[in-house]
Amino acid sequence: MDTIVGTLLGIVFIISLSGLKIDREYERGVIFRLGRLNSVKGPGMYWIIPLVDQKAQLDVRTKTVSIEPQETVTADSVTIRVNAVLYYRIIDPSKAITKVENYELAVYQAALTTLRNVVGQNILDDVLQNRDKINTKVQEIVDEMTEPWGIVIERVEMKDVEIPTSMQRAMAKEAEAVREKRARLIKASAEQEASIKLAQASQLIVENPAALELRRLQMLTEIGAENNTTTLIMMPSDFITLAKQWTDVLAKGEAQSLPSNSKISIDPEPHVHL
């Protein structure tokens, strides 16, 4: 009799020990008692009624889901392939178990369809330049869908956007044209500023003619600094005019002193030999 009682007590003790559960800091246990939701336990050690309570364990850490590349058509009828990464976390383990059959698959499918729909509502330029706007929109829509499941969407990020080769060439030509336009505008602006400076300099030279001679001397200095075999000397036009006048005067004086039958040939244009 004592052996039977001891055996029964041992069996009860072993069954009781089987009710001890331990969950880590990032784990939670959803307890069902006779099929009905009872409570959420953890982290740490706790006890459930053996053969009466059932436990479903969940990980409440942030999970990362990679959304596979998918083709979609933008609002301006360009076919592209996009993929993204999704970060979500369980905030209510009981809802994640009781409100949806497979919360991981449900979150993935919700993010997949939402990404395709949001990208399709934007033109290609917005998809390429305003990714943050699209990411935020997808996050808000998916988070609204998963809220009844006790899941919060922390972040959505588009990773890659694949564009057709023909569209890449067209975009490259467009970018080249924009750069060429910018270069021409900068050059035109520089020429405008240079013309203004030249006009101001010419006004100063008119007011002070000696400045022109100084500029000529400066140019000779710059030319002489190079390894040139020929040096050009620029003479002021006033010197040429004065020399011509003196030549005319001398020619008239000699013509008056010579006999009437004498002939003198005078070259009216002075020659300057370098």
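Each label point is 7 Å from the Cα along the Cα-to-Cβ direction; what then is the distance between the points at residue 24 and residue 87, in nm?
Rounded to a tenth, the inter-label distance reads 2.0 nm.
Checking the cross-link filter: which lysines have an alpha carbon closer than 21 Å to that of residue 252, excluding same-chain neighbours under 8 positions apart?
244, 263
Applying the Karplus parametrisation 6.51 cos²θ - 1.76 cosθ + 1.60 with θ = phi - 60° to the phi angles of the range 112-119, what ³J(HN,Hα) value in whole Hz is obtained for each residue in order, glycine and proline being reported as x?
Karplus values, whole Hz, x for Gly and Pro: 4, 5, 5, 4, 4, 5, 5, 4.
How large is the dipole of the range 75-184 about the Cα centre if only Lys and Arg carry +1 and Asp and Glu carry -1, each at its Cβ, rounded to the nearest 20 debye?
Computed charge dipole of the range 75-184: roughly 500 debye.
Using a 10 Å cut-off on Cβ atoms, rank the peptides 132-143, 3-14, 109-120 from the highest mean neighbour count down.
The packing order, highest mean first, is 109-120, 132-143, 3-14.
Say each of residue 213 and residue 128 gets a label point 7 Å from the Cα, pointing the same way as Cα to Cβ; how far apart are those two points in nm?
Here the modelled spin labels are 6.3 nm apart.
Once amide H atoms are placed 1.01 Å from N in the peptide plane, what residues at a sequence separation of 5 or more from residue 67, or on another chain, have their amide H within under 5 Å of its amide H?
Amide H to amide H, under 5 Å and 5 or more residues apart or across chains, residue 67 pairs with 84, 85, 86.
How big is the gap, in Å, between the Cα center of the range 1-40 and the Cα center of the range 98-123?
Between the Cα centres of the range 1-40 and the range 98-123 lies a distance of 39 Å.
Determine the gain in length on full extension of the stretch residue 140-residue 187; use 0.36 nm per residue of separation and subtract their C-alpha separation, reporting nm with one decimal.
12.2 nm
Each reported figure results from applying straightforward, stated rules to the coordinates on display, with no laboratory input. Since the model is a prediction, treat every value here as computed from it, not as a measurement. Note that each Cβ is placed from the backbone with ideal geometry, even for glycine, and that neighbours are counted across all protein chains shown.
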